[in-house]
Amino acid sequence: MIFVKILAVSDLHGSNIPELHSYLKNNRVDIIVVAGDITHFGPPELAEELLNDLASHKIPVVAVPGNCDPHGIASRIENSRAINIHARTLSVKDVAFCGLGGSNPTPFNTPLELGEDEIRSELDKLLENLKGNDRLILVTHAPPHGTGVDRIPSGDNVGSTGVRDVIEKHQPCINICGHIHESPGVERLGETLIVNPGQLSEGRAALIEIDEDGSVRAEILNLKSS
């Protein structure tokens, strides 16, 4: 039996997708997770507007910022009806969340980039407090390095080694990520199900289901074709 249904989205880049709202009206969703790049370099108040639109469906919304979100975005998430889980842990509907927004360094000097050591240290500290939780979801904007969901068109893997290290150490149930538009997908890293929903501004999302017995599954959705 399904215990909880999660709709994961990432990389809105300032877009408000009508098809997303249609999906939320017509399908059961218990939690919405936003994995960053809510805006495309701002303005910060747009993040608050977009998150409030999602929360208008009366479904809990948790969010982290992405590397393309401007400085000051955290306060806008705080002011919205969503819950900011950047560098925080939280329990929603008996599911534990641990979040970290931004990304590992990029060639583009985007607003919110963190060193790999900082990512590793911050997540390790947060996840230590959630040991033994069978329904633990790690929400990061950056995907783990060396997986099918962090590959750019050149074939290079550009995800975070820090994120990968903490996943291998702590083995959360699920890692919801984003950042790499070209590599939406679902795969496993040890016991962890890695889900990159893809670019919401292009209509991509992911439906994740957790059963009462702890089993998990996910599928990538194309909201514009449904």
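The values are calculated or read from the model by the stated rules, or taken from the named source; none is laboratory data. Source: prediction; values computed, not measured. We place every Cβ from the backbone using ideal geometry, glycine too, and count neighbours over all the protein chains shown. For the accessible areas, the whole protein counts, side chains as well, though only heavy atoms, and no ligand, DNA or RNA atoms are used. Shrake-Rupley method; radii C 1.70, N 1.55, O 1.52, S 1.80 Å.
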Scoring only Lys, Arg, Asp and Glu (+1, +1, -1, -1) among other residues with Cβ under 15 Å from the Cβ of HIS86 yields -4
At 37 °C and 0.692 mPa s, grab the translational diffusion coefficient of segment 62-147 from Stokes-Einstein with a Kirkwood Rh over Cα pairs, rounded to a whole number in µm² per second. 243
Roughly speaking, to the nearest percent, how much of the chain's 1.4 Å accessible area is carbon and sulfur? 45
Distance histogram in 5 Å bins (all Cα pairs of segment 144-193, percent per bin): 5, 23, 34, 24, 11, 3, 0
Inter-part gap, Cα centre of segment 120-198 to Cα centre of segment 1-49, in whole angstrom, is 19
Here the net charge surrounding GLU45, from other residues whose Cβ is less than 15 Å away from its Cβ (Lys, Arg +1; Asp, Glu -1), is -3
Give the peptides 77-88, 128-139 in descending order of average Cβ contacts within 10 Å, highest first. 77-88, 128-139
Rounded, prolate or oblate: which fits segment 1-42 when a ≥ b ≥ c are the square roots of the eigenvalues of the alpha-carbon gyration tensor, with rounded for a/c under 1.5 and prolate only if a/b beats b/c? oblate
Once you mark the chymotrypsin sites (Phe, Trp or Tyr not before Pro) that are in a DSSP loop and have at most 16 other Cβ atoms within 10 Å, what is the longest gap between them in the chain? 109-226
State the extension gain, in nm to one decimal, for the chain segment bounded by ASP134 and LYS25, taking 0.36 nm per residue of separation less the distance between their alpha-carbons. 36.3 nm
Expected 222 nm ellipticity per residue - DSSP helices of 4 or more, -39500 (n - 2.57), all of the chain, to 500: -6500 deg cm²/dmol
Out of these labelled values of mean projected area of the Cα convex hull in nm², (i) 11.0; (ii) 11.9; (iii) 12.8, which was calculated from the coordinates shown here? (i)
At 1.306 mPa s and 10 °C, Stokes diffusion of segment 43-100 via Kirkwood alpha-carbon radius, µm² per second: 137
Between rounded, prolate and oblate, where does segment 185-226 land on the alpha carbon gyration tensor, with a ≥ b ≥ c its root eigenvalues, rounded for a/c under 1.5, else prolate if a/b exceeds b/c? oblate
Residues meeting the amide H criterion for GLY99 (H placed from the backbone, H to H distance under 5 Å, 5 or more places apart or on another chain) are ALA87, ARG88, VAL139
Normalised contact order of the chain, rounded percent, pairs of Cα under 8 Å and 6 or more residues apart: 22
Would you tally the net charge around ARG151, using a Cβ to Cβ cut-off of less than 14 Å, leaving ARG151 out, and scoring K and R as +1, D and E as -1? -3
Say the dipole of the chain comes from +1 at the beta carbon of Lys and Arg and -1 at that of Asp and Glu; which of GLY178, ILE17, SER160 then lies farthest toward its positive end? ILE17
How would you rank 178-186, 152-160, highest first, on the average number of other Cβ atoms within 10 Å across their residues? 178-186, 152-160
Past the 19 Å Cα-Cα mark, which pairs from LYS5/LYS125; LYS131/LYS169; LYS58/LYS131; LYS125/LYS169? LYS5/LYS125; LYS58/LYS131
Report, largest value first, the span of the C-alpha coordinates of segment 105-212 along each principal axis, in whole Å. 38, 31, 22
